[in-house]
1. Taking a cut-off of 19 Å, what percent of all Cα-Cα pairs in the stretch 133-188 are separated by more than that?
2. Post the alpha-carbon centroid distance, the stretch 126-199 to the stretch 70-87, in whole angstrom.
3. Using a basic spin-label model with each label point 7 Å from the Cα along Cα→Cβ, how many nm lie between MET1 and VAL160?
4. Which whole-Hz ³J(HN,Hα) couplings does the stretch 178-187 yield from phi under the Karplus relation 6.51 cos²θ - 1.76 cosθ + 1.60, θ = phi - 60°, glycine and proline marked x?
5. Between LYS125 and GLU86, what length comes free when the chain is fully extended (0.36 nm per residue of separation minus the Cα-Cα distance, one decimal in nm)?
6. A 18 angstrom limit on the alpha carbon distance is what I want to check against. Which of LYS33/LYS178; LYS16/LYS239; LYS214/LYS239; LYS16/LYS176; LYS151/LYS176 exceed it?
7. Counting alpha carbon pairs within less than 8 Å and at least 6 residues apart, what relative contact order, in whole percent, applies to the chain?
8. Label point 7 Å out from LEU168 along Cα-to-Cβ: which residues of the stretch 198-242 have amide N under 19 Å?
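Taken together, the values in this text are just the output of simple stated rules run on the coordinates, not laboratory data. No experiment lies behind these values; they were computed from the predicted model shown. Reconstructed Cβ throughout: ideal geometry from the backbone, glycine too, with neighbour counts over all protein chains shown.
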Amino acid sequence: MDFVTSTDGTRIAYHKFGNGPALILVDGAFCSKDFGPMVKLAPLLAETFTVIAYDRRARGDSGDTATYTIQREIEDLHALIKEGGESAFVYGISSGAVLALKAVAAGLPVTRLALYEPPFNIDGKYRKAPAGYICKLRTMISEGRKGDAVKYYLTKVIGVPAIFAFILKLTPNWSKMKANANALPYDAEIMGDGSVPDQIGTITTPTIAIAGEKSPAMLREAAQAVANKLKNGKYGILKGQTHNVSEKVLAPVLTDFFREKR
């Protein structure tokens with residue numbers, strides 16, 4: 001494990017694997033460099049790239065500051081890019097894909113960008129998070145109610161059935177999700193009202209937005225909408241896949257995309 005120091009002085013922890021062009025992996029809610037989809041994906045991509053998997057601020061071994069803004073997370077990502085060289089490839093999943101999009105729109109030196117199911121709510125036609133949900137998450141975290149925050153995010157923000165949250169609470173993953181719960185308000189701020197940000201229309205970086213064939217329609221439509229809005233975007237669908245995408249299916253798709261010359 002290594003660290004970089006972000007602009008505001010926060011130390012960001014990361015693992016580095018492999019050799020080749022730098023590729024940074026950006027997690028979604030609940031996940032970290034040691035828990036979630038990047039754990040199995042990183043070694044597969046390390047056969048071709050220098051892969052950096054990191055703890056977003058307030059997760060795992062990374063630090064944090066009292067006042068959060070999305071710009072701080074963009075600066076964290078920029079510090080990691082500089083650690084790998086002058087520029088990097090970036091892959092983001094779920095809310096991490098939205099963070100990656102906003103970082104590229106802000107001008108970070110990303111040469112190719114891959115996104116898996118950024119969870120935008122196109123035209124607001126799908127279920128919306130409750131009003132004031134970000135403040136409610138902040139209150140739960142400030143009161144030390146991490147388990148409540150995890151349950152609330154799962155059931156009220158993402159919209160999974162309550163029975164799923166109950167079953168998950170009985171598994172070893174629950175404690176790992178609680179350990180990263182401090183960052184849930186940050187993911188909520190990144191998502192905002194769930195609409196596709198207008199500023200991504202300025203992005204010229206070659207980008208692929210991918211969705212799983214068996215994922216909810218909202219996620220498939222979101223990936224398609226992002227690809228359509230970008231100046232140099234394309235849409236990909238992975239047969240048989242859901243939001244819990246198989247790393248063995250995803251890795252070859254990412255490798256081919258990042259190795260393209262155009």
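1. The calculated P(r) of the stretch 133-188 puts 19 percent of pairs beyond 19 Å.
2. What the calculation gives is 25 Å, centre to centre.
3. 2.4
4. 4, 4, 9, 5, 4, 8, 4, x, 6, 4
5. Working: separation 39, 0.36 × 39 = 14.04 nm, distance 4.05 nm.
Contour length minus the Cα-Cα distance gives 10.0 nm.
6. Long pairs (Cα-Cα over 18 Å): LYS16/LYS239; LYS16/LYS176.
7. 20
8. 212, 214-220, 242
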